[in-house]
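Let me begin by presenting the structure, written as structure tokens, before commenting on it.
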Amino acid sequence: MSDDEGGGEDYLFKVVIIGDSAVGKSNLLSRYAGNEFNPHSKATIGVEFQTQSLEIDGKEVKAQIWDTAGQERFRAVTSAYYRGAVGALIVYDISRRTTFDSVGRWLDELKTHANTTMARMLVGNKCDLETIREVSVEEGKSLAEEQELFFMETSALDSTNVDKAFEIVIREIYNNVSRKALSSDTCKSELSINRISLTKSETDGSKQTGSFSCCSR
Ligand SMILES: Nc1nc2c(ncn2[C@@H]2O[C@H](COP(=O)(O)OP(=O)(O)OP(=O)(O)O)[C@@H](O)[C@H]2O)c(=O)[nH]1
Ligand SMILES: [Mg+2]
């Protein structure tokens, strides 16, 4: 499906990827958005994003996925990065325990800057590195349960669970939005407070979901 920026998608959701440097954030994104992997990728400086579309319930959903530097000195202004985000992947590297230990800090940052109902997933990347694993699947799972996050181990290298991880987050955002839309009276104020980026296609009829246009930005 080819669609240009500003096209006719039904929904546009912003998702952020966070986690320590070199856990594989940029490669997860390039694997998901372009099916590419770079074994020699450089540390990200500032902020980049890519978009990917998928269909849910016959609607075109576009995810705008933002990737920033794990290294503090390369990070762009933090609040701008999180502004309007409705989903997040918090990534660690299963072969480096220190990156798992940092998850709490990343969650705190998320709470500080993104005060909304977010779809959040804990991602243990590099699961292809089984032989040098330092964080067990159980540890990942139990942290996710404790913090009420989805959980998945992935490999950007061999593609394991990459599409799945992003799609679970995007579907959850979609579900959150649908649920909010059901209480239509509060839809307008809640969605604008939460800054959900969402547009409603004009070609899609104006039935019960017409109030979604209130949320366009
Ligand atoms: N074995 C393995 N290596 C990976 C995987 N994902 C990424 N890498 C490698 O890990 C290194 C860092 O990957 P990046 O995607 O640049 O990491 P990042 O989290 O974006 O790092 P910053 O931009 O500095 O925050 C690169 O050498 C990648 O090739 C994976 O799933 N498995
Ligand atoms: Mg990067």
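Read the figures in this text as sums done on the coordinates, not as results from a lab. Bear in mind the structure is a predicted one, so any value in this text is a computation, not a measurement. All Cβ positions, glycine included, derive from the backbone under ideal geometry; neighbour counts span all protein chains shown.
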Q) Over the stretch 11-179, what per residue volume does the convex hull of the Cα atoms give, in whole Å³? A) 106
Q. What ranking do LYS180, LYS14 get, fewest neighbouring Cβ atoms within 10 angstrom at the top?
A. LYS180, LYS14
Q | Restricting the stretch 84-159 to GluC sites (Glu not before Pro) in coil, as DSSP defines it, with at most 13 other Cβ within 10 Å | A | GLU148
Q: Take the cross-link list LYS126/LYS164; LYS62/LYS141; LYS42/LYS141; LYS59/LYS141; LYS25/LYS111; LYS59/LYS111 and give me the ones stretching past 26 Å between alpha-carbons.
A: LYS62/LYS141; LYS42/LYS141; LYS59/LYS141; LYS59/LYS111
**Q.** Local electrostatic count at GLY19 - Lys and Arg +1, Asp and Glu -1, tallied over other residues with Cβ under 9 Å
**A.** -1
Q. From the residues PHE150, GLN71, VAL162, which one has its Cα farthest along the dipole of the stretch 38-177 in the positive direction, the dipole being from +1 and -1 charges on Cβ of Lys/Arg and Asp/Glu about the Cα centre?
A. GLN71
